[in-house]
Each structure stands twice: as C-alpha cells, then as structure tokens.
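Have a look at the structure below before the remarks.
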Amino acid sequence: MVEAIPKTRGLGSGQPPLLQPQSRTALPPFAATAAVVAILYFARDVFLPLAIAVLLTFALAPIVSWLRRFGVPRLVSVIACVLAAFGVVAVFSFVVVSQIGEVAQNVPTYQSNILNKVRALKESGSGEGIIDRLSGVIERVGQEIDKPEDNLAPAAHPSRPDPLLVEIFTPQKPIETLMNLITPLIGPLATAGLVIVVVIFMLLEREDLRDRFIRLVGYGDLHRTTEALQDAGRRVGQYLLMQLVVNVAYGVPIGMGLWLLGIPNAILWGLLAIVLRFVPYIGPAIAMILPLFLAIAVAPGWSLVLWAAALFIAMELVINNVLEPWLYGSRTGLSPLAIIVAAIFWTWLWGPVGLVLSTPLTVCLVVLGKHVPQFEFLEVLFGNEPVLDPKERLYQRLLAGDPDEATDHAEEMLETEYLVDFYGNVAIPALLLGEFDRARGALTDEQRTRVAASAVVLVANLNEIAGEEADEEDDAPEDVTQDDGEPADELPDGAGKAVLCIGGRGELDNAAAAMLAQVLTVQGATVATANHADVEPSSIRSLPLEGVHTAVIGFLNADSLHHGRFLVRRLKRAKPSLRVGVVLWTDGAAGDADKLAGDLNADFAAFNMAGATIGALTDAPAVPLKAAKRKVRRPSQAGRKSKTA
C-alpha cells in the first residue's frame, strides 16, 4: 500500500490578489479609556463582585443547561449548582484556614533545624563568606538607622528630660471583643452573599439578560452580538472548567507526593497548589516555595528539599507538556505576553483577586475586540492570532533585511507545504507587495535592493529543503493516490530538460526567477538563472542558450508585458528552437494565459508558480517566430513622378 505524502500540493490555485493597504482602526479616545479605568479602580467594591458573578455564571451555565436537559426545573437546577459550587468553596476555605493555623502552631518546633542549616552554610565557606558579609551589612545598616542625630540644633530646654511614653490600657467588654472579631469578617461575608445572589439571578434570567444586551447593542448587529455572546461564554466557560480540571490533576498528586515524603500539612500545600495555579506563571512558583521552605525546616539534611523540588518540577513538566495541550491547548486565545500584562494590570486594579481573574477577564476583552470593530485593537494587542498575513509577514522581514527570520517562518510553513505552494502562495505575493510599493513610489532604491537581496538569500537558505523534496520526488512511485482514492496532482518530471529562468525587468523579478528555478530543480530539471541586465540588447547574445530547452521570463508588473514581447522575439532570434514562456505573477485564468501567449508570440504563458513549472517542463515544440508587422510609408506624388520619369 502506497503511503501518501503528508504535504498537499495544489496546482489549481492561483496567486492571491495584491491587497491594498487596509485602513487603520480608529482607537477609542484616550480620555474615554482613562475614564473607564478610573471607574473600575475607584468603584472596585462594586465591579469586583459583579465580575466574579459574571465569570461564575459563565462557568455554571453549561451545568445548568445539562440539568435542564434531564427535566430538572430551572429554579432547582440553578440553586443546586450555586449551593454546590459555594459549598465546595466554603469547605475548601475551612480546610485551608485550619491547616494554616496548625502550621503556625508548629513553626517554633522547626526553629532548631533552620538554625542548624544556617550554621552549616556559614561553616561550609570561609570566615568571610557571603552570609557573614550580608549579616555584617545588615547589622551596620541597622546601627546607622538607630544612631541619634548629633548634628541637630540644640533644643530650647536642653536640661529638660525626655518625656516618658505612657500607654493607657482599658479592659474590653465581651461584646466589644466579639465585635472586633466579627467586624473584619463582615466585608468578605457580605461580598460572598452578594456574589451568590447575583449568580442566582443571572442564571435564572440568562435569556432575558442576553435579549436586553442585544437590544442595547441594536438589531442591526444581531448576528454579531449573538456570535460575541456565544464566543465569550464558550471561551470563558471552557477555560475555567478545563483549568479547574488541570489544577486538580496538578494539586492532588502534589499533596499525595508531599505526604509520602513526610512534609507536614500536605493537604494544605495540595489545596494551595490548586488555587495558586489559577494565577498565570507565578502561581506555581509561589505554591512551590512554601513547601520547600517547610522541607528545609522539618528535616535536618537537604535530601527532603531536593525530593520536594523534583516532585514539583516533574508535575510541571507533565501538566505543561501533556495534560494542558491535550485538554484545551490555547483555547483562551491570548498570547503569553498578553497574559503577563493582563496579570499586572488587573492586580494593580483589583489586588490579588484581580490577579486570579486576570486571564478570564482578558478573554472577555479579546472577544469584545474580535466582534466589535471599535475595540479591534484589544484583539490585536492581546490575541494569539497572527495580525499579519504570511505574505505580509515575509515582506516585512525582507524589507527589514532579515532573511534569517524569514527563513525560520518559511521552514515552519514548509513542514506542511511544498516549496511550490510556499513560493506561489506566500513568497511571490510578498514580492508583489514590494513591486506595488515601488510602483507607487513608497519603496526607495535602497529598500528595493534590500528586499531583492534578502529574497535571494532566503532561496539559498532553502536549498537543503529543496534537496529533500527532490529526493522525495525520486523515491515517489509513479501512481500516487490520495486518501479518498483520487489520483494526486503532480508536477511534471523535469529530468533531461534544461531551463533558463530570467528576471524580466528589475531586481524583484530576478528574485522571483530564483524561486522558480529552485522549484524546477526540485522536479529534476537542469536550471540556470539570468537577471534583467543579461537580456539587454547588447548582452542577450552572450546568454548561455546552448543546450537550453526552455527560457522563462517573469514579470511582477503587468505594465512590463510590452517589454516582454521584445524579449521573446530577441530570444527566439538568438535560438529559433528555444521555447520561450512568460510568467505574469498575478491572478489569471487558463484562457487568459493562452491569449497572453498568443499576443506575445510566446510558447506558453502562466500566472502562478505551478503553471510556470508545467509550461517550462512541457515537451511541446517551439512556436515559430511570427513576422513582425511593419508599416510601409506610401510614396509621395513627387516621388511617383520622379520614378515615372
């Protein structure tokens, strides 16, 4: 059974049209943005519970819908989900608080181990080790801070002694003591109660809230609003649910491993690992520091610390490289830098709670930017989707004179594509962007030269991949079928054929000719290249046409076709048996190619890389050169009379 090649090669697709520069997206006024941030900051006591309630609504809505499909009444399913969720949170909080109290009681018992390790570190180095130096610096700084200021002006009464500090102690009544204990808890309990009530009403009135939001936006954007709501609910709900699954799969083994290692309060560290892993990047590090510090305090040696660190590192590797990509990959739609910036912003805005909520809140902003044109800049700043097309990205790298990064991007694409597809769909359109900029005067001569030179270096860097594809062509069987049983499209074999690729009018045309030459080389042809200066009238006779089967002239600019007609005639005069083809690197149909070939007296014409390859490797004989139409001037009357006489 023949195994199909994993790459796909499309011959029928033409070049994408040359895109005009898009208009810039208008950003919201700076004053409005600053006002929104100020409102969120100063009214955080109001917006923070609402944000928590909205996110919990997104997370619990799929569970409520699932219960509704089994016939459970709406009110019962909503209350059951909310009570179950907050019951789990309450039990979780109770266990954490009790474990923290137990750790605080046991801390004094670990003091001797900590002191012994400090002494061991001091004794391991010389007398002037780093610990001694740091201790001396801290001691001197403390003495300097406590030193009285002798240079101050003398007091008005130097003989008067310093006043004595007197503290008045008033015994508190039992009611006052109880109030002092309850008052700090009133705020968190009130916030939790408010969140519970808001979540219940949001789940009960979910459809009504959706309709009101759609009406607020307007009926004209009904499809866009519906898609935005569904996208936001899907992204946030999936993120919260999958992140909870991942965190539990991370925290439970951590707790069990720490318990097996003998570290006290392993339940606490496992639960904290579950919670802190909601905090991007820095959460797992914080969850690891506390157990490691306790491992230092518990055991007299260092082996327990090393085993605990190995446990955390192993779990991070498994979760990051196996479980997370398997469960949700990058479903949040946020770039890694956006997650860090969002964490900093929401922490500044709403404190530690904002840090935990930073990722889901930013997901909502990205969804808003995706579906609302006025906020498109949010998706551009925080999204993980490429903001430039591959051809625009390649052109930018060529314009910057960075062929190495351009090669990296090309190699990524060539993992799933062939050279003919990459050059036809990405590289040639990138050169078309450069030609468009040159034609409108936006590209200087220096920049044009840099783009062309970088493109030639890119082609040279891809020689190794071209060799691998050539080996695939040699090893491939004659009859290759696709997965659906249909015969696969293949470019013709170029063995025994010699082709000359010529840049038509400029340096960018030369770069396009080098790309075509590499594709023809992959097909087994013997290929040479010539630049636009080599086909000038004074130089065309020196072209190495002996043994060449076909010459292909490429143009990026359609206005150069008049010049192409003269090049075809010059080449055919230099060698009548030579097949000469013209490639105009733009969109065009097969019928247009035949018409263009006839107008130019060329053997073939093409508009894309695949068409140029097929035309260059065809065995058809050369089209004879047509006689040029010459206009003969009529003789004047005086000329006729003199001729008659």
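Nothing in this text is a laboratory measurement; each read-out follows from the coordinates by a stated rule. Bear in mind the structure is a predicted one, so any value in this text is a computation, not a measurement. Using ideal geometry, Cβ is built from the backbone for each residue, glycine included, and neighbour counts are taken over all protein chains shown.
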Practice task
Using the number of other C-beta atoms within 10 angstrom as an exposure proxy, rank Tyr418, Tyr281 with the fewest first.
Solution key: Tyr281, Tyr418
Problem - Charge dipole (debye, nearest 20) of the range 390-616; +1 at Cβ of Lys and Arg, -1 at Cβ of Asp and Glu - result: 2120 debye
Exercise for the section: Pick out, from Val552, His532, Ala470, the residue whose Cα sits farthest towards the positive end of the charge dipole of the range 390-616, with +1 on the Cβ of Lys and Arg and -1 on the Cβ of Asp and Glu. Expected result: His532
Problem - Cα-projected label distance for Val76 with His562, points at 7 Å along beta-carbon direction, nm - result: 8.5 nm
Fill in the blank from the handout: In the range 390-616 the DSSP beta bridges are antiparallel at a rate, in percent to nearest 5, of 5 percent
Fill in the blank from the handout: Expected unfolding gain across Val95-Phe293 under the 0.36 nm per residue rule, minus the alpha-carbon gap, is 69.2 nm
Problem - Span from the the range 405-456 Cα centroid across to the the range 27-92 one, whole angstrom - result: 48 Å
Completion exercise
Output ordering of 291-301, 501-511, 457-467, 576-586 (per-residue mean of other Cβ within 10 Å, highest first) is 501-511, 576-586, 291-301, 457-467
Fill in the blank from the handout: Here the averaged projected area of the range 335-428, based on the convex hull of its alpha-carbon atoms and given in nm², is 8.1 nm²
Problem - Pairwise FRET efficiency - Ser538 versus Ala34, Cβ, R0 = 56 Å, nearest 0.05 - result: 0.25
Handout entry: For the range 390-616, convex hull volume per residue from C-alpha positions, Å³
Key = 127 Å³
